1. What is the distance in Å between the Cα centres of the stretch 183-255 and the stretch 1-51?
2. On a C-alpha basis, how far is the centre of the stretch 86-104 from the centre of the stretch 105-125 in Å? Whole number, if you could?
3. Hey, which aspartates and glutamates would be in cross-link range of LYS241, C-alpha to C-alpha under 14 Å, not counting anything within fewer than 8 residues on its own chain?
4. Once you sort the root eigenvalues of the Cα gyration tensor of the stretch 1-148 as a ≥ b ≥ c, which label holds: rounded (a/c under 1.5), prolate (a/b larger than b/c) or oblate (the other case)?
5. Note down the accessible area of TRP37, probe 1.4 Å, to the nearest 10 Å².
6. Report relative contact order for the stretch 34-86 in percent, whole number only (criteria: Cα-Cα under 8 Å, sequence separation at least 6).
7. For the stretch 62-186, what is the accessible area per residue in Å² when the probe is 1.4 Å?
8. Sequence neighbours fewer than 8 away in the same chain don't count; with that in mind, list the lysines whose C-alpha is under 26 Å from LYS191.
Amino acid sequence: MATIRALVRRPGPRLAEGLITHIERVPVDVGLAAGQWQEYVDALTAAGWECVEVPPIDDCSDGVFVEDTMVVFGDLAVIARAGADERRPEAAEAERAVAAQGYRIEHISEPGTLDGGDVLKIGSTVYAGLGGRTNQAGIDQLRTFLEPLGAQVVAVPVSKVLHLKSAVTALPDGTVIGYEPLVDDPAAFPKYLAVPEEAGAHVVLLGENRLLMAASAPRSADLFTELGYQVHVVDISEFEKLEGCVTCLSVRLRG
């Protein structure tokens, strides 16, 4: 059985100051968020994942959204160059953590910007969201790194949400799922399924037809159950107030 690990980073004391772009700011309960983060980690652990903590970065309010620091494909970790200047310090410790797991390292460099949350991998196809945080130069560099490994990098537009994976993720069979009002171009994906709630567009694949998703999308959870998936829900309400979702709280390392 392949080793499955996830990089995680606990939320810091400045979490409530996190950047937001497409929603109105509302108060965040930092204490509640800490408990929700632990429940998220516990859910991954219960599903057989080994969680590896990246050292906290208390000065960066968005540090808990560790997925944005990199893109992992095969044995390579491409370290991101965040589209928001304030977030660039988050990458250094994340890079050390993934290198310690045996991954080769490449870097997105200036003038490229890329956030890991803008990258959706489905088999050998890698969708990269071109929008507010990831630019064309970043996508071109990602393509240079991944195509030798057999990946096809496809740029898709992102204008209605923070990241591509704020709008869409994918089920184990490769079907892309999205909340249609927030998806720029559903036709960009060969297999697409609309879901009834915004948070229903976000799933973490736990393996063996198991999905992890937010408790705030019960109708979507029912839909996935009807499709034959085992659904595990976690409450991440405080992170949703900061445009966060279940995918951005970890970097999944398979293999």
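1. The stretch 183-255 and the stretch 1-51 have Cα centres spaced 15 Å from each other.
2. 14
3. Once the sequence-local aspartates and glutamates are set aside, what remains near LYS241 is GLU17, GLU24, ASP29, ASP62, GLU198.
4. Taking the square roots of the gyration eigenvalues as a ≥ b ≥ c, the stretch 1-148 is oblate.
5. For TRP37, the solvent-accessible surface is approximately 10 Å².
6. Averaging sequence separation for qualifying contacts and normalising by length gives 18 percent for the stretch 34-86.
7. 36
8. Excluding near neighbours in sequence, the set is LYS121, LYS160, LYS165.
The values are calculated or read from the model by the stated rules, or taken from the named source; none is laboratory data. These numbers were taken from a predicted model, which means no experiment stands behind them. Note: ideal-geometry Cβ built from the backbone for every residue, glycine included; neighbour counts use all protein chains shown. Heavy atoms of the whole protein, side chains included, go into the accessibility calculation; ligands, DNA and RNA do not. Shrake-Rupley method; radii C 1.70, N 1.55, O 1.52, S 1.80 Å.
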